[in-house]
Amino acid sequence: MIVAIDGPAAAGKGTLARRLAAALGYVYLDTGALYRAVAKSVLDAGGDPNDAGEAAAHAQALDPAALEAPGLRSEEVGDAASRVAALPAVRSALLAFQRRVAETPPGAVLDGRDTGTVICPEAELKLFVTAGLEERARRRLQELRSRGETHMLPQVLAEVAERDSRDRARQAAPLRPAEDAVEIDTTGMTPDAVFQRAFLLANERLAELERGSGPDGQ
Ligand code: DC
């Protein structure tokens, strides 16, 4: 089974996706890390993340080992990631890799912005994970501070809001829920509660697949 988890920045997708993959015994792919790795590669080379030719060349040459590189989670790289992610040539260079990982038996969990709409429209379970802007900014601030980065809430809130509007407004694979996605608003929910809800949905879907029926019992 393929589980596609999409949603805006800092909604708790990564924590959920990693835990769900471990519980189901599936592979996990953080697709945002691909865009972050491309962005970091462009920045390290002194390039411009808005330059399509340059960013696409870095995307085509991307080594999966770069997904583990330190520094991918910084705000600077996140901002540049949202810029390279708006470039169609970058997105198409990363498509085949994502689909290959998604096909890994017995299943895969992908998280990102377009995994249920573009990468795996056939995914058996699609979740759209959201939370209010303030709560997402607070979570991102906590994440940054836990790594020793000093940021203030108003600055992080503005950055998260700017990145979201860029991810939603772009022409290429904009952030939006798939028509058949189940929406989970994690505002005020603990990570544990979010996981329990998603794990239940995954088990229900697996049972339906075993019976050979669709989500509505058809
Ligand atoms: O989830 P994240 O913050 O690590 O993602 C970084 C950026 O990458 C985000 O601003 C939008 C982009 N992205 C995307 O366009 N499509 C994806 N499937 C995943 C991330």
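The values are calculated or read from the model by the stated rules, or taken from the named source; none is laboratory data. Small disclaimer: the values here were computed from a predicted structure and weren't measured. As a convention, Cβ positions derive from the backbone with ideal geometry for all residues, glycine included, and neighbour counts pool all protein chains shown. The accessibility values were calculated without ligands, DNA or RNA, using every heavy atom of the protein model including side chains. Shrake-Rupley method; radii C 1.70, N 1.55, O 1.52, S 1.80 Å.
Leaving out ligands, DNA and RNA, what percent of the accessible area of the range 59-197 is carbon and sulfur, probe 1.4 Å? Carbon with sulfur: 56 percent of the solvent-accessible area. Using the heavy atoms of the protein chains alone and a 1.4 angstrom probe, what is the accessible area of the chain per residue in square angstrom? Counting only protein heavy atoms, the per-residue value for the chain is 47 Å².
Does anyone have the angle between helix 133-146 and the longest principal axis of the chain? Alpha-carbon axes, 0 to 90°, nearest 10? That helix lies at roughly 70 degrees to the long axis. Converting phi to 3J(HN,Hα) with the Karplus coefficients 6.51, -1.76 and 1.60 and the offset θ = phi - 60°, the range 83-96 yields 6, 5, 5, 7, 8, x, 5, 6, 4, 6, 5, 9, 5, 4 Hz in sequence order, with x at every glycine or proline. Think of the range 90-218 as a dipole: +1 on every Lys or Arg Cβ, -1 on every Asp or Glu Cβ, centred on the Cα centre; then among Val160, Thr115, Thr186, Val160 lies furthest on the positive end. Amide H contacts of Asp185: Thr130, each under 5 Å away and 5 or more positions distant or on a separate chain (H built 1.01 Å from N in the peptide plane; Pro and chain starts excluded). Extent of the chain along its three principal axes (Cα atoms, max minus min coordinate, largest first): 54, 36, 29 Å.
Only helices enter the 222 nm calculation for the chain: every DSSP H run of n ≥ 4 contributes -39,500 (n - 2.57), and dividing by all residues gives -16500 deg cm²/dmol, rounded to 500.
Any chance you could give the angle, 0 to 90 degrees and rounded to 10, that helix 31-44 forms with the longest Cα principal axis of the chain? Once rounded, one gets 10 degrees.
A simple packing score, the average count of other Cβ atoms within 10 Å per residue, orders the peptides 17-25, 66-74, 33-41 as 33-41, 17-25, 66-74, with the highest score first. Here the calculated FRET efficiency for Leu67 and Gln171, from their Cβ-Cβ distance with R0 = 25 Å, stands at 0.45, rounded to the nearest 0.05. In a reduced charge model with +1 at each Lys and Arg Cβ and -1 at each Asp and Glu Cβ, the range 46-192 shows a dipole moment near 100 debye about its Cα centre.
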